[in-house]
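Trainee: Sending over a structure as structure tokens; questions will come in a sec.
The values are calculated or read from the model by the stated rules, or taken from the named source; none is laboratory data. As the structure is a prediction and not an experimental result, all values here were calculated from the model. Note that we place each Cβ from the backbone using ideal geometry, even for glycine, and neighbour counts take in every protein chain shown.
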Amino acid sequence: MNYIDAVLAIPLLWFTYKGFNKGLIIELATLIALLLGIYIAAHFSDYTADFLRQKLDFHSEYMSIISFSLTFVGVVMLVMIFGKSLEKVINVLLLGFVNKLLGAVFGLIKVAFILSIFIFILTTFEVEDKIINVKKQEQSLLYPAVKAIAPAVFPVIQESNVNFLDKLDDVLYVVFRTSRYTTFS
């Protein structure tokens with residue numbers, strides 16, 4: 001064990017602890033809220049802008065930023081409300097400890113993946129060996145395991161991501177398609 005292990009262990013332990021405190025439901029809800037919020041805001045904030053212009057007679061040179069922000073915050077709030085409600089159901093069913101335990105595992109996996117992405121970026125730009133001593137990398141217990149995560153996961157994400165985003169686009173179009181052809185009147 002060396003300083004690299006210590007540097008990696010601190011966020012791994014911290015996010016495991018945070019995941020345990022929040023529980024799996026809230027951890028997942030937070031991640032889904034952020035990803036879905038960005039995606040929906042990027043694709044559908046123009047409807048929010050149309051609504052603001054037409055119903056509230058609101059015009060601004062910053063309309064795209066305002067409508068994106070409102071759409072993003074709205075989606076995040078809805079997903080988080082759903083997550084909190086689901087967490088209450090889990091607690092009523094006396095599965096609170098399981099939720100906390102799985103939250104710890106999820107927190108650990110999440111930060112390990114983030115650290116692995118960081119290492120992957122360093123490797124891609126060929127600065128990894130300049131920043132992190134090669135001998136220390138080899139002596140580290142955690143470094144090889146963390147480093148291997150992103151390269152193993154990226155192909156799986158890329159493969160499934162295309163189909164998922166196409167399906168999500170189709171669902172969102174069905175949900176919002178009436179807005180494309182109406183003027184909120």
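Trainee: Residue check, A112 against (1) in contact (Cβ under 8 Å) with a residue 12 or more places away in the chain; (2) under 29 Å from S45 (Cβ atoms), all met but one. Which one?
Mentor: (2)
Trainee: Now a separate question. So which residues in region 137-149 are within 20 Å of L13 (Cβ to Cβ) and either modelled with pLDDT under 85 or in contact with a Phe, Trp or Tyr (Cβ under 7 Å, 6 or more places away or on another chain) (or both)?
Mentor: I149
Trainee: Moving on. Take the residues of region 1-32 that are of a type in the set (A, V, I, L, M) and closer than 24 Å to V92 by Cβ: which is surrounded by the most Cβ atoms within 10 Å (Cβ to Cβ)?
Mentor: If we filter region 1-32 for residues that are of a type in the set (A, V, I, L, M), which is where we start, we get 1, 4, 6-10, 12-13, 24-26, 28-29, 31-32.
Subset that is closer than 24 Å to V92 by Cβ: 24-26, 28-29, 31-32.
Numbers: L24: 22, I25: 25, I26: 20, L28: 18, A29: 22, L31: 13, I32: 16.
So, considering only residues that are of a type in the set (A, V, I, L, M) and closer than 24 Å to V92 by Cβ, the one surrounded by the most Cβ atoms within 10 Å (Cβ to Cβ) is I25.
Trainee: Filter region 33-87 down to the residues that are surrounded by 13 or more Cβ atoms within 10 Å (Cβ to Cβ) and aromatic (F, W, Y), then identify the one that is farthest from G23 (Cα to Cα).
Mentor: Only one residue fits best here, namely F58.
Trainee: Of these, I10, I66, I38, which one is modelled with pLDDT of 90 or more and of a type in the set (V, I, T)? I'd like the intermediate steps shown before the answer.
Mentor: Values: I66 fails: modelled with pLDDT of 90 or more; I38 fails: modelled with pLDDT of 90 or more.
Sole residue among the options that is modelled with pLDDT of 90 or more and of a type in the set (V, I, T): I10.
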